[in-house]
């Protein structure tokens with residue numbers, strides 16, 4: 001049941017239009033803060049990823065597949081978006097976030113590049129640009145439906161007021177909780193870090209195959225196996241270390 005405010009003594013609402021307005025303003029503010037945190041997650045990830053790419057010692061040709069990174073981003077965003085039914089509907093059905101991400105990413109990736117490091121850098125640029133476009137587009141659709149979400153929430157309330165503490169509690173009950181690093185930025189960045197580390201290790205295996213490693217054959221540097229193992233290893237390390245895993249995974253991977 002939603003929170004009630006016993007101080008609302010005049011009719012079913014203290015002042016229904018004022019309550020509606022206050023709740024809508026707070027919900028919109030929280031959604032905008034959430035969007036900023038998610039975009040910060042993408043920016044932080046991109047900066048760190050570029051530093052790791054520069055640690056690769058050779059620049060031979062390699063295949064780079066970012067499909068898993070894009071999918072992980074779409075899934076993470078849908079999971080942590082401020083949780084009203086309207087938000088989930090918009091992001092998972094109405095706007096098709098993954099389609100927006102893939103469209104923007106593909107438009108930013110040239111097919112003429114062949115070298116692994118250059119491809120990784122270009123893919124990071126395309127990911128960042130497509131994320132900003134896709135998320136702002138998706139959230140435009142969500143914000144247009146926030147008023148609907150607020151109206152739906154108020155149908156369950158018998159007594160309400162514009163007291164800030166009460167409005168915050170009602171907004172929390174709607175599912176539009178106050179965004180912070182832990183519930184918004186970190187899950188999105190971890191999704192990106194996890195899948196990108198797999199891509200990175202796949203490219204590293206291909207580069208090592210091109211240069212050769214004494215005592216190893218190509219089977220010891222299987223890109224698909226390295227990618228699979230890297231994703232599992234980073235995920236386990238994150239469970240143990242939290243954010244520190246975003247750097248430590250690369251140390252274990254050979255940087």
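The values are calculated or read from the model by the stated rules, or taken from the named source; none is laboratory data. No experiment lies behind these values; they were computed from the predicted model shown. Virtual Cβ from ideal backbone geometry, glycine too; neighbours counted across all protein chains shown.
Within the option set 74, 67, being at pLDDT 90 or above and either in contact with a strand residue (DSSP E or B) (Cβ under 7 Å, 6 or more places away or on another chain) or under 29 Å from residue 170 (Cα atoms) (or both) holds for one residue only, 74. Of all the residues in the range 194-213, those that are under 21 Å from the mean Cα position of the chain (by Cα) and touching a residue at least 60 places away in the same chain (Cβ under 8 Å) number 6. Comparison of 115, 129 shows that the only residue that is out of contact with any helix residue (DSSP H, G or I) (no Cβ under 7 Å at 6 or more places or on another chain) and modelled with pLDDT of 85 or more is 115.
Scanning the range 133-151 for residues that are surrounded by fewer than 15 Cβ atoms within 10 Å (Cβ to Cβ) and over 22 Å from residue 174 (Cα atoms) yields a count of 1.
Taking the conditions (1) free of Cβ contacts under 8 Å to residues at least 40 places away in the same chain; (2) crowded, with 19+ Cβ neighbours inside 10 Å in turn, residue 51 satisfies each one other than (2).
For (1) out of contact with any helix residue (DSSP H, G or I) (no Cβ under 6 Å at 6 or more places or on another chain); (2) free of Cβ contacts under 8 Å to residues at least 40 places away in the same chain; (3) in a helix (DSSP H, G or I), each residue gets a yes or a no:
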{"site": "192", "(1), (2), (3)": "no, no, yes"}
{"site": "215", "(1), (2), (3)": "yes, yes, no"}
{"site": "219", "(1), (2), (3)": "yes, yes, yes"}
{"site": "243", "(1), (2), (3)": "yes, no, yes"}
